[in-house]
Amino acid sequence: MSPTNYLLLSGLLFTVGAVGVLVRRNAIVVFMCIELMLNAVNLSLVTFARINGTLDGQVMAFFVMVVAAAEVVVGLAIIMSIFRTRRSSSVDDANLLKY
Amino acid sequence: MILAQVVSDATAGDTGVGEAIVFWILGPVALAAAVAMIFARNAVHSALFLVMTMLSLAVLYMMQQAPFLGFVQIIVYTGAVMMLFLFVLMLVGRDSSDSVVEVLRGQRVAGALLGLAFALLLVAGVGRTMFAVPSVGLGNNAANGNLTGIGRLIFTDYLLPFELTSALLITAALGAMVLAFAQKKPKAKLGQRAAVVARLRGDRISPLPGPGVYATANSVAVPALLPDGSVAPESLSEIIEGHEVDEAPRPPSDAHSLTGRRRELEAGE
Amino acid sequence: MTALAPLLFVLPALGALANLLAGRRANAWGHWVGVAAVVASFVVGLLLFFETLGLEPEQRSREVSLFSWISSGTLDVDFGIRLDPLSLTFVLLITGVGSLIHLYSVGYMSHDPGRRRFFAQLNLFVAAMLILVLGNNFVMLYLGWEGVGLASYLLIGFYQDRPSAATAAKKAFLMNRVGDVGLAIAIFLLWLELGTLQYTEVFARIGEVPSGTVLAITILLLLGACGKSGQFPLQSWLPDAMEGPTPVSALIHAATMVTAGVYLIARTNPIYNLTETGRLVVALVGVVTLLIGAIIGCAYDDIKKVLAYSTVSQIGYMILAVGLGPAGYALGIFHLLTHGFFKAGLFLGAGSVMHAMNDDVNMRHFGGLGRRMPITFVTFGLGYLALIGFPFLSGYFSKDAIIEAAFAQEGWQGWVFGGAATLAAGLTAFYMTRLMIMTFFGKERWKELKAPDGQDYHPHESPTTMTVPMIVLAVGSVFGGFTLSAIGLYEWLAPSLGELQELEGGALPHALVPWLVVLFSALGVLVAYLLVGRRPTPVERPERVSLPVQAARRDLYADAVNETLIERPGIWLTRALVFVDNRGVDGLVNGVAAGLGGSSGRLRRLQTGFVRSYALSMLGGSVFVVAALLAVRFA
Amino acid sequence: MTPLNAPPIDYGAIAPLLIVLGGACVSVLLEAFLPRHQRWPAQVALTVLVVAVAGVTLGVYAGSAPAAGVVTLGSTLAVDMPTLFLWGTLLVLGFGSLLLIADRSVEPGGAFVASAAERLSVGAAPGTTTGATGVDPEHVDRSYGAPGEAPTMQTEVFPFTLFALGGMMAFVAANDLLTMFVALEVLSLPLYLMCGLARRRRLLSQEAAVKYFLLGAFASAFFLYGLALLYGYAGSVRLSAIAEAAVGTDRSDALLFGGLALLVVGLLFKGSVGPFHTWTPDVYQGAPTPVTAFMAACTKVAAFGAIARVLYVAFGSTRWEWRGVLWAVAIASMFIGAVLGLTQTDLKRMIAYSSIAHAGFLLIGTMAITPAGVSSTLFYLLAYGFTTLAVFGVISLVRTADGEATHLSQWAGLAKRSPVLAGVMTFLLLALAGIPLTSGFTAKFAIFAAALSDGMAPLVVIALVASAIAAFFYLRIVVLMYFSEAPENGPTVTVPGAFTTVTITLGVVVTLLLGIVPTLVLDWAGAGGFTG
């Protein structure tokens, strides 16, 4: 089996995540879809690290995880704060700004 | 353990049979869980499906000569980050499941088509061209040297990003505090003595008259009456007096006129 | 002495600044600062002019580099001044006529609360216009070009509370922008080809540019000229621009700014010399415009609109002249100068009439004003005679020269250009005579009418600050043409424009042309007298009346003949042209604007406010970018 | 075990970055240890000092900097001439934004507050008084601060601003994609947070934060995937390594171009280039105006600084392949901005569309892989930053009881009420439209000239047409201010405090100066190219 299969899996996961962002309405689930995209990228990075024979890819994946963790904190805080005023976590309800 | 066997199998070049087996089991599982995540109506189910994908990925990392990342994925990502997600899900209402009705016209179709196109581009354009590429493998960096190798890189080549992540974490912590921390109104806390002094020095020592004293009703809306029969101004509630009170709509004497049923009956007769 | 040159535009700029910054304190004296700035600038211009006169003709073109303005990469643009006969001529025209009109405005705007703002903007205009003509490179030209556009926009919209003024201002700005895009592209093309934008270098090396590009550049420059000078097909903003105060119409929309297009083509004559096709296009645009302007001028009752279309038409003559190439550049400038005098005078006269008639502009309400306002009448009349080319007044010299040169062209061009120009001269005489008769002669129709503001009309002569400039300009209109041709304007301009070529041959013998023109003009005057002067003018514009009634109303058989043979086709043509002008050209401009607005209104619905739609468009964009890049690479 | 050799660090070169990030940390400590009512003065003093010191340090270093630039910190950071210029731009613009953020005179108590809950007075259920209309003045939070003191603001915006500024500085100097990614997040996260802190119109503000955050995270996922593909292609994410690999590697170019495409998507998002602009109008409108000013000025600088570096250093040799696609993107951006801006009714939204159009112009500059292209882009960023900063400063001054009056109809006839403000605004709008004698003209001119000399003549023509269209809507505001009747109970023009005055004055003066004598800055912008 070629490691390229991992890349294909990664591409598919990334796409699934991207489509999830488009179709889900719960802000938290949308955000989880973005996390899925980041995970897909990590899989690519790890696979490329192996193909290239350098550890850099793994280090990058590690950084992605750290960044994602920080992003999650900020994102959830923002979602919490809007939930407090709106009592809704649907992204479709945040629709005052348009046109 | 078959896993350990697989991990050590995966040496420099191509993948072994063991890895292939694991991949063909966990890969579809990860993908299926991902798809299930976007289809699950309940947000908690989505989160759990995501956890499943992440765990599968963790194993795939380990098989790809990245044991450290695999464990970080399990501990940090699946363990901490996803728990945070679940916490917030519980806070904002677990049962806030998405309605299945799509309000944006064409959104799903367009999303699916674009997703398909994107996947095709990635798979056909990028993935296809990579099959002929030999994989070098990480050699000594794979197993025991993995952790040291990563650490060495972080503190040499990637020192700046590493330091920058600290800024990121500080921002995140500060941001969470600013947005999620409900500010209490700071009230001047009076000691018992101070309270007594304030009360004695103030313009009124006795408690405010309660509603309905010397009155016919006990409602807050009814002002207290003083012994001479006049209204005690202190007993008037600011909130209630501040609002225009509409006369409560009384039901009309003819109850049938509400439903209109009688007219129907009459018409029918 | 050349060190004084920057003062030319710095002084008016300072005047504008002083008027803007001083605030209400300057209400009492700000206008005098404005006048002083322009007069001082005029004095500087005179000094430089006489200094230059003292030099040998070869040394009369001088460059004053002030500082390096933009230098980025290989682009190097000086903030520099070019003092040569052409720019000095314009400087004198702008500051000279500008001084007179500033002085006139002191009286004209005396009751207006916005007088200080008005003078600030007027000074700003003068400064920008001087930068336009003085710059020694195309970027300076563009700077002045945009600057006069801005000042003109502000001044057209000066009466802020009138919606029509705001609309007219916007229209002027937008149509100018269309022209500006052409000019900008032309400038970029020049830079692309030659790597420099200094006039001297561009003109020296223009021969290296392939002829196709030269043609493109000339057409684009012409587009810019059309926008600024109100030439076909961008002419319709100019009559609307009459919404501005009358001194503005006189200074900007008659004497100076609208001639910037002529200046542009004259200035870039080395480029136009290279392409006969480009010149032909210029000449054609000029001919079409001069006919359109003259015909539409017959239709309006608004005194300023008639003058505006007359301006369009006269600038058409100038464009035609510069389109004739080396045989015409100097003639165009000559006509520009004389026109600057008499048209400014006519506008000031019109302003004086309006001043007397409670700002009414409808000529049908005038009549018999000649007795009430003798000075205005005389000065206006002299301007009128100059415009229609009365022998030995200034318009006679300049216009005849152009028509002669037009007839001298080879082949069909001689007949078409010359014929059209002669015909337009007749039409000019017609509509100007009509204007004169309706305004200054005949019954005093205003006696039975109320002004739009409900008061009676009390026509009176204007104050001295207004009449003095009118008198000066009238003197200029009478003697300007003769003087300029006597002192050798063509030789003076030769260092900038090349020697004036005298053409031989062509369609008609030269000696015949002046007679022909005078004949046509006389015919125009006569027809106007027959149609307008011998009948009472209805106060209301006559509506279409059915043929039998019309015929019954005519007591003279001759009138009926007149009507069928001349007036009716004329009216139809005029109406058709007015229709095309208002609906066609405006419609196109408005249509483009409406189309943009409509698509904007529809497109903004795409911004639905839904995060998921935004994400969709982002994913769509990504798919496009990825697919396109891969396709480009592997196709 | 081999000893660990720390990478050599050129402290002199990166001192400004360190100062800003260090200042941010100190600022967090102030937040932790000072009592609430002392925080505002302390934070203002600290941040202003930090930015000033960083600027001075930068100036001192730039005086003696090697012309070729240095690559330091294990080749993660390239401090070359463009970097120094961009740092200078960022610091000056950041300084201006900070003053706007710190201003408490225009909006009593400053424009920032964390949550709506505490401002709801007795009897109002959550979510009822907050709304697009804002909260009536009696209910404005007076409790945030010591009793009897003037209400104070959420001072956490100061460390956020400094972190974001630090992130931007790292972003434009990043020499490898990973550093760029981390810096991108460092600059983005504080901005997401700051968007949600408006005192007025909480719902809009929070909505802006959510939208910006979700779309920003979405975009950074694309950036990251591009990074991964490029890593797969080149075996390294250093920009120069990618450039080397593009010349000679046996890997398929699909990775290179797929990676470039996805990477660029992430970057274009930050620069709000159409069709990745969709967040811009909503976020610009919803965020507190000082933050919008900060985003519009500084984020634009950072995003295009990074785009220019990536395209120039890593993809310069392959420009014939990708340029066509970016042409399309630039055209789309210019027309989306120019056309959609025509019918906007909210001023902040309109400026957002203007910024989308300007992003298109900027993209033209970055596409020209020549020294002139780089210097003109840098110049444009500086010019545009100052103008837009001042525009938002002016917008924050026109207010009704409900807060800022950003609806266009409220600006009608403003020239009669406040001629100075209307004059300043007109001047700035003319600069945005690119009328000569303003910085906008020279900037556009420089960019178009650079694009022309790199063979993009058709694009320049299209850009000219787009800028002519865009002039319509700037003009619309001018017409409104000068030629329309003022509404009955129109907004009032607040007399700005010292901070806002300084920012607006700075913006106007620079806009004018760069229009008249741009040579100074142009020379500086063209002092040297990118190193990789």
For residue C:194, net neighbour charge (Lys/Arg +1, Asp/Glu -1) across residues whose Cβ lies under 11 Å away: -2
As a check on your grasp of the helix formula, calculate [θ] at 222 nm for the protein assembly as shown: sum -39500 (n - 2.57) over DSSP H runs of n ≥ 4, divide by the residue count, round to the nearest 500. -21500 deg cm²/dmol
Between residue C:416 and residue D:68, Cβ-based FRET efficiency (R0 60 Å, step 0.05) works out to 0.35
Simple spin-label estimate for residue C:205 and residue D:512 in nanometres, 7 Å along Cα-Cβ: 3.6
Average accessible area per residue (Å²) across chain D - probe 1.4 Å, nucleic acids and ligands excluded: 25
Expressed per residue, the solvent accessible area of segment A:25-89 in Å² (1.4 Å probe) is about 12
Spherically averaged projected area of segment C:280-538 from its Cα convex hull (nm²): 13.5
Output the Kirkwood hydrodynamic radius of the protein assembly as shown, Cα pairs only, in Å rounded to one decimal. 36.3
Report, in degrees rounded to the nearest 10, the 0 to 90 angle that the Cα long axis of helix C:374-388 makes with the longest principal axis of chain C. 60
When all protein chains stay in place, what accessible area (Å², nearest 10, 1.4 Å probe) is found for residue C:300? 50
Size of electric dipole in the protein assembly as shown: Cβ of Lys, Arg +1 and of Asp, Glu -1, about Cα centre, debye, nearest 20: 2160
If R0 = 41 Å, then residue C:523 and residue C:487, at their Cβ-Cβ distance, give a FRET efficiency to the nearest 0.05 of 0.80
Label residue C:67 and residue C:162 with points 7 Å out from Cα along Cα→Cβ: what is the distance between them in nm? 4.1
Dipole of chain D, positive direction: furthest Cα of D:257, D:474, D:234, with charges on the beta-carbon: D:474
Positive-end residue, the protein assembly as shown charge dipole about Cα centroid, Cβ charges, pick of C:438, C:620, B:37: B:37
Looking only at A:36, A:12, A:45, which one moves most when chain A is put into a Gaussian network model with springs between Cα atoms under 10 Å? A:12
Roughly how many percent of the accessible protein surface of the protein assembly as shown is carbon and sulfur, given a 1.4 Å probe and a whole-percent answer? 66
In the full protein assembly as shown, how much of residue C:437 is accessible to a 1.4 Å probe, in Å² to the nearest 10? 30
Estimate for me the total accessible surface buried between chains D and A (protein heavy atoms, probe 1.4 Å, no ligands or nucleic acids), in Å² to the nearest 100. 3700
Taking the Cβ of residue D:460 as the centre, find all other residues whose Cβ is under 11 Å away and add up their charges (Lys, Arg: +1; Asp, Glu: -1). 0
Computed over segment D:217-264, the distribution of all Cα-Cα distances in 5 Å bins, rounded to whole %, is 6, 26, 34, 21, 9, 3, 1
Give me the accessible area buried between chains D and C, both sides summed, with a 1.4 Å probe, in Å² rounded to the nearest 100. 5800
Compute the distribution of all C-alpha to C-alpha distances in segment D:388-506, in bins of 10 Å from 0, and list the percent of pairs in each, rounded to whole numbers. 13, 38, 28, 15, 6, 0
Rolling a 1.4 angstrom probe over the protein chains, ignoring ligands and nucleic acids, what is the accessible area of residue C:42 in square angstrom, nearest 10? 60
Pull up the cross-link candidates among the lysines for residue D:416, meaning alpha carbon to alpha carbon under 25 Å and not fewer than 8 places away within one chain. C:170, C:171, D:348
In degrees between 0 and 90, to the nearest 10, how far off the longest principal axis of chain C does helix C:329-356 point, with axes built from Cα atoms? 60
Which of the listed residues, B:82, A:80, C:118, is farthest toward the dipole's positive end in the protein assembly as shown, when Lys, Arg count +1 and Asp, Glu count -1 at the beta-carbon? A:80
From Cα coordinates alone, what are the radius of gyration and Dmax values for chain C in angstrom? 25.6, 86
log10 I(q)/I(0) for segment A:25-89, Debye formula on C-alpha points only (no solvent), q = 0.13, 0.15, 0.21, 0.25 Å⁻¹, two decimals, reads -0.45, -0.55, -0.81, -0.98
Where a ≥ b ≥ c are the square roots of the eigenvalues of the C-alpha gyration tensor, would you call segment C:39-159 rounded, which needs a/c under 1.5, or, failing that, prolate if a/b is larger than b/c, or oblate? oblate
Mean separation of Cα contacts under 8 Å (6+ apart) over length of segment C:157-269, as relative contact order %: 33
With a 1.4 Å probe, what is the total accessible area buried between chains A and B, in Å² rounded to the nearest 100? 6900
Sequence-separation-based contact order of segment A:25-89, relative, with Cα cut under 8 Å and 6+ spacing, percent: 36
Quick one: compute the contact order of chain D, relative version, from alpha carbon pairs under 8 angstrom and 6+ residues apart, as a percent. 17
In µm²/s, what is D for chain D at 37 °C and 0.692 mPa s, where D = kT/(6 pi eta Rh) by Stokes-Einstein and Rh is the Kirkwood radius from Cα pairs? 141
If you build a Gaussian network model of chain A, linking Cα atoms that sit under 10 Å apart, which residue out of A:46, A:73, A:29 swings the most? A:73
At 1.4 Å probe size, put D:56, D:50 in order of accessible surface, largest to smallest. D:56, D:50
Straight distance only, please: which lysines reach the Cα of residue C:450 with their own Cα at less than 25 Å, same-chain residues fewer than 8 apart left out? C:304, C:305
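The values are calculated or read from the model by the stated rules, or taken from the named source; none is laboratory data. Treat the numbers as computed from the prediction; the structure is a model and nothing was measured. Using ideal geometry, Cβ is built from the backbone for each residue, glycine included, and neighbour counts are taken over all protein chains shown. All accessible areas refer to the heavy atoms of the entire protein, side chains included, with ligands and DNA or RNA removed. Shrake-Rupley method; radii C 1.70, N 1.55, O 1.52, S 1.80 Å.
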